[in-house]
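Structure first, then comments.
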Amino acid sequence: MQSKLRFFASLLLIFSLSLGILSLSSTFLRADDYNTGSECDQSEYCEKEDQPYSEGDYYVRIDEAYLPYYCPFGIQDIRVKAGNGYEKYGATGVFIDEFYGPNQANDNDDADYDVDVDSSTVTVTKIYETTQDISHIEIWCNGDGQGEGDLDPLTISKTVETSFTRTWNWVIEKIAGVESLELELGESKTVNYEVTFTHSYEDEFKVWGEITVENPNAFGVLITSVTDIISPDINAEVACIGYSLPATLGAGSTMICTYEKELDDSIARTNIATVYFDEEGEEDTEVDVTFGEMIQIDECITVSDDKYGEIAGEICFGDKDIEFPYTEEYSLEIEAEECGDSEFINTVTGITNDTESKIEDSVTVDISVGGDACMPDEEEEEEEEEEEEEENGDDDTGDVLGDDDTGDVLGASTVVLASTAGEDTTLLYLIQYVLILLTGASLLSLGNAYYNRR
């Protein structure tokens, strides 16, 4: 009988512990308009008229506990209870004060618990082994801002900066007065050139600045979004430094957001920054958007020619003495320095004053140099012909007889005869002719004899 009782007691203990663990991991209590159907464990914490948003409790004694929470207007404070007193912590988990009776063991004016707060959960851990176990946690939420003095207005301020930038784009075109020249060696002619400058521009209108949000309340406020609208209805990109919205702006804290936008023109506009918080709250501020003087980039250009040098110095848009398109004229002497065909290429280069961008254009004049000075004399021609004959190794006999073996033999005989005949070319030609006739007759006789034998 006693063993059965012990068995059922064990089951009861396990069941009780299971309920405790279940309550620890799933307690999520809301009150008033944010009640999801769960009931508060102690009505005195849920129904106080001056603090309508108190959160749920834990009634377990443990070293560490966590509590999911939902405070639509931010956390007012966190109360960690142990025994007959509690310690109070701010919305970010910073220790505020302790409220214990005079006979409590941990009445030491210091924090006994480590409180960690994230966007949905509060975790509480004992710091010292001698600290009392946690009996339960209370999360007190801020009011909805409808009651008098519940929520002080957020302070919104903003800056605005503008810029109007015009960037010039230059085009250079160069032409020559002629496309080609025919010259004699040493001769020179003047060629006229024209360089024309044209330009276009691109305008950029930009507005940017900072939006500063200050929370003067003693509790955190949930910031849901921040917008920046430029008239008539242009949305600027907003980024809040260190925050990913929605996020809670702590008590007395400041949030800085940046914005920027490119516009189509420089007309005067208005710029409204709006901060949305909690469920329906919003604050805004408005500033004027005006543009100052235009900033010009690359409005001037310095031009030079690689064969001529600098052309007209610096040319700037807005010079009263210059009308665009603007043309500069100059001349270059082209001299024939060597015989044959060549090209005369020269390039004009412009460098802008701000970005030092380079703009170039080139033109080519074809040059043909000839005349008597470029013709070879007779002696030079004869020497060239003799050199060619020596390189080729051929003679007239070889040309007449062809490339067969007989021709090779006769060619060799002719060379020997030519070397003995000296300059008497008539005798040479007669001997060559006789040899040709004799050879032909011999070949004819041999052919007839061979035919008759058959």
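For the stretch 258-294, name all the residues that are closer than 21 Å to residue 219 by Cβ and open to solvent by less than 60 Å² (accessible area, probe 1.4 Å).
Kept after step one, since they are closer than 21 Å to residue 219 by Cβ, are these residues of the stretch 258-294: 275-283.
275, 277, 278, 281, 283 - these are the residues of the stretch 258-294 that are closer than 21 Å to residue 219 by Cβ and open to solvent by less than 60 Å² (accessible area, probe 1.4 Å).
Scan the stretch 337-367 residue by residue and report those that are of a type in the set (Val, Ile, Thr) and either under 30 Å from residue 186 (Cβ atoms) or open to solvent by 60 Å² or more (accessible area, probe 1.4 Å) (or both). Across the stretch 337-367, the qualifying residues are 345, 347, 348, 351, 355, 363, 364, 365, 367. In the stretch 193-231, what residues are surrounded by fewer than 21 Cβ atoms within 10 Å (Cβ to Cβ), more than 30 Å from residue 92 (Cα to Cα) and of a type outside the set (Asp, Glu)? Hits for the stretch 193-231 are 196, 198, 199, 200, 201, 205, 206, 208, 229, 230, 231. Anything in the stretch 107-130 that is open to solvent by 30 Å² or more (accessible area, probe 1.4 Å) and of a type in the set (A, V, I, L, M, F, W, C)? List them, or say none. Listed by number, the residues that qualify are 117, 127. Evaluating residue 206 against the criteria (1) within 30 Å of residue 350 (Cα to Cα); (2) in a strand (DSSP E or B); (3) at pLDDT below 95 leaves one unmet condition, (3).
Only residues that are among the aliphatic types (A, V, I, L, M) and farther than 30 Å from residue 363 by Cα were counted across the stretch 292-306, and they come to 2. Looking at the stretch 297-360, the strands (runs of 3 or more DSSP E) lying wholly inside it that each contain 1 or more residues that are modelled with pLDDT of 90 or more, charged (D, E, K, R) and more than 38 Å from the chain's Cα centre (by Cα) sit at 326-335, 340-352.
Taking the stretch 228-288 and the strands (runs of 3 or more DSSP E) fully enclosed by it, the elements with 3 or more residues that are under 31 Å from the mean Cα position of the chain (by Cα), at pLDDT 95 or above and among the aliphatic types (A, V, I, L, M) are at 254-263. Per the conditions (1) under 29 Å from the mean Cα position of the chain (by Cα); (2) surrounded by fewer than 13 Cβ atoms within 10 Å (Cβ to Cβ), the sole criterion not satisfied by residue 190 is (1).
Out of the residues in the stretch 148-168 that are touching a residue at least 24 places away in the same chain (Cβ under 8 Å) and open to solvent by 60 Å² or more (accessible area, probe 1.4 Å), which is nearest to the chain's Cα centre (by Cα)? First the steps, then the outcome.
Keep residues of the stretch 148-168 that are touching a residue at least 24 places away in the same chain (Cβ under 8 Å), which gives 151-168.
Those left that are additionally open to solvent by 60 Å² or more (accessible area, probe 1.4 Å): 152-153, 155, 159, 161.
Numbers: 152: 44, 153: 41, 155: 37, 159: 28, 161: 24 Å.
So, considering only residues that are touching a residue at least 24 places away in the same chain (Cβ under 8 Å) and open to solvent by 60 Å² or more (accessible area, probe 1.4 Å), the one nearest to the chain's Cα centre (by Cα) is 161.
Only residues that are without any contact (Cβ under 8 Å) to a residue 24 or more places away in the chain and closer than 27 Å to residue 190 by Cα were counted in the stretch 316-336, giving 0.
The values are calculated or read from the model by the stated rules, or taken from the named source; none is laboratory data. Everything quoted here is computed from the prediction, not taken from an experiment. As a convention, Cβ positions derive from the backbone with ideal geometry for all residues, glycine included, and neighbour counts pool all protein chains shown. Heavy atoms of the whole protein, side chains included, go into the accessibility calculation; ligands, DNA and RNA do not. Shrake-Rupley method; radii C 1.70, N 1.55, O 1.52, S 1.80 Å.
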